[in-house]
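The values are calculated or read from the model by the stated rules, or taken from the named source; none is laboratory data. All values reported here derive from a predicted model rather than from experimental measurement. In this analysis, Cβ positions are derived from the backbone assuming ideal geometry, glycine residues included, and neighbour counts consider all displayed protein chains.
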Amino acid sequence: MLNESSQLISVFGCNTEFYYQFLPHVNTNIKRIDLTHAFSAPDYGLEQFSIPFVGNLDYRVVINTKTKKDFEQQYLEHTISKERLDHIICIPNGIDIETNSIYRNETSDLTVGFFGRWSKEKRPQLFLEVAKHLGDQNRTVNFKMAGTALEPHKAHIENSNVEYLGELSEKSAISDFYKSIDILVITSYREGFPLVIMEAMSYGVIVMATNVGSISEHIKTNENGMLITETDPDQIVRTIAEKIVVLSNDSELKKELHSNALDYAKSNFGIRQFNKVYRTLLTNE
């Protein structure tokens, strides 16, 4: 039925083995496209599963240059034709930026947030260790945690002196979360480029993130955020805590980073170009 449709222009898939198994059955006059946010190393992931189906793809979309380079290395290792590299297109994510400058009380205590799912690669436990570390030092810093799959860990979160917010799905609740925090912490060992970073910066939030995926393409230490270059988990916790203390003692730096984060988001994360490129890719326009 799908192949018989005169209106079908393209099929698009992401993050599922079924899509790759389905591709050989799709007529070649239909554009076949996949999306990869990031390689899953050190875990075995779909970028490996997809290797036998590269020839069935017309285009591969990635969201950053890091993932494109990872594909280039993978193709080299599996002797896949260099011509296939021309079919890899980099389309950075975009968001609808509705905010202007957000008023922040520069004399109030810092509020630090985590927004994501509780999963192995996100390492949310490191965020809790940061909160406990600063709490043990009697630092007046507030911590909030929101996201999915947090409920089973609610007691652990609250025992770490972190405010538990659970899953936020309403747009207004998500907006209120970003408006309420000064710093967003990313503790992942694997990422592409998280949407939460784009969203947070559009509210002038200072992002403090581990140096994984393509995060370093956007986050520059003491310019628009803080990049954590350490890889040892204990050192990551200590470094994040130290940087939070620096910002709590330096209101001018904090104010500058808030402003620069917002300006960077407005200049780089707008949705219009994103929509334009995808429309061209998926249609015959």
Give the number of residues within the range 148-165 that are surrounded by fewer than 20 Cβ atoms within 10 Å (Cβ to Cβ) and either aromatic (F, W, Y) or closer than 19 Å to D182 by Cα (or both).
4
Suppose we filter the range 200-217 for residues that are surrounded by 22 or more Cβ atoms within 10 Å (Cβ to Cβ) and either touching a strand residue (DSSP E or B) at 6+ places or on another chain (Cβ under 6 Å) or not in a loop (DSSP other than H, G, I, E, B) (or both); how many remain?
10
Output the qualifying pairs, or none if there are none: Cβ atoms under 9 angstrom, residues six or more apart or on different chains, first residue in the range 1-26 and on the phi > 0 side of the Ramachandran plot, second residue in a loop (DSSP other than H, G, I, E, B) and surrounded by 13 or more Cβ atoms within 10 Å (Cβ to Cβ).
N15/H37
Kindly indicate whether any position in the range 149-166 is under 22 Å from I236 (Cα atoms), assigned to a strand (DSSP E or B) and without any contact (Cβ under 8 Å) to a residue 60 or more places away in the chain.
yes
Regarding K171, is this residue modelled with pLDDT of 95 or more and of a type in the set (K, R)?
no
Tally of residues being outside any loop (DSSP other than H, G, I, E, B) and either over 16 Å from G192 (Cβ atoms) or hydroxyl-bearing (S, T, Y) (or both) across the range 49-67
10
Would a scan of the range 37-54 turn up a residue that is within 21 Å of L282 (Cα to Cα) and either aromatic (F, W, Y) or touching a Cys at 6+ places or on another chain (Cβ under 6 Å) (or both)?
yes
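For (1) part of a strand (DSSP E or B); (2) charged (D, E, K, R); (3) surrounded by 13 or more Cβ atoms within 10 Å (Cβ to Cβ), each residue gets a yes or a no:
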| residue | (1), (2), (3) |
| --- | --- |
| I219 | no, no, yes |
| E223 | no, yes, yes |
| L227 | yes, no, yes |
| T231 | no, no, no |
| I240 | no, no, yes |
| I244 | no, no, yes |
| L247 | no, no, yes |
| K254 | no, yes, yes |
Looking at the range 94-102, can you tell me whether even one residue there is over 19 Å from R190 (Cβ atoms), buried (at least 17 other Cβ atoms within 10 Å of the Cβ), touching a helix residue (DSSP H, G or I) at 6+ places or on another chain (Cβ under 8 Å) and at pLDDT 95 or above?
no
Looking at the range 130-137, is at least one residue at pLDDT below 95 and among the hydrophobic types (A, V, I, L, M, F, W, C)?
yes
